[in-house]
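Read the structure below first, then the notes.
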Amino acid sequence: MQAAMDITTKYCQKELEEYGLCVASNPTSWQQKCQDLKLKVAQCTSSHPVIRKIRTDCANEFSAFERCLRENQSSAETCQPHVTRFLACAETVDLSGVANIAPQPT
């Protein structure tokens, strides 16, 4: 989960910050008031070219990580080697030719 969060933060930082501020500002009603911003985060993570490329190129590593989490729900730390392999794969993905590869400015 942290691996996905790290990549999401890198490429969808603006959307995540807006959503986080909304949640913090609406502690009792954030689920309703921040729904649009939550959808923006989801849209960014599913449509960003870099994230899509990493998902495609590292699908096996990510699937192994997800499988590990399902099999070890009470001890997620067991899956750390899978996270490490996924992050290592993500770092080696050839992003040349991928549009919009720069992370969003803060």
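The values are calculated or read from the model by the stated rules, or taken from the named source; none is laboratory data. Quick caveat: nothing in here was measured; it's all calculated off a predicted structure. A quick note on method: Cβ atoms are made from the backbone with ideal geometry, for glycine too, and the neighbour counts reach across all protein chains shown. Surface accessibility is based on the protein's heavy atoms, side chains included, excluding ligands, DNA and RNA. Shrake-Rupley method; radii C 1.70, N 1.55, O 1.52, S 1.80 Å.
Points worth noting:
- Computed FRET value (nearest 0.05) for Q35 with T56, which takes r as the C-beta separation and R₀ as 35 Å: 0.75
- Under the convention that each Lys and Arg Cβ holds +1 and each Asp and Glu Cβ holds -1, the size of the dipole of region 40-93 around its Cα centre is about 260 debye.
- Cross-link partners of K53 among lysines (Cα-Cα below 23 Å; sequence separation of 8 or more within a chain): K10, K14, K38, K40
- Carbon plus sulfur fraction of accessible area for region 11-93, probe 1.4 Å, in percent: 51 percent
- Restricting the calculation to alpha carbons of the chain gives Rg and Dmax of 15.4, 44 angstrom.
- Quotient of C-alpha Rg and 2.2 N^0.38 Å, computed over region 1-55: 1.17
- Two-decimal ratio, region 25-72, of alpha-carbon radius of gyration to 2.2 N^0.38 Å: 1.59
- Computed [θ] at 222 nm, deg cm²/dmol, the chain (DSSP H ≥ 4; -39,500 (n - 2.57); rounded to nearest 500): -21000 deg cm²/dmol
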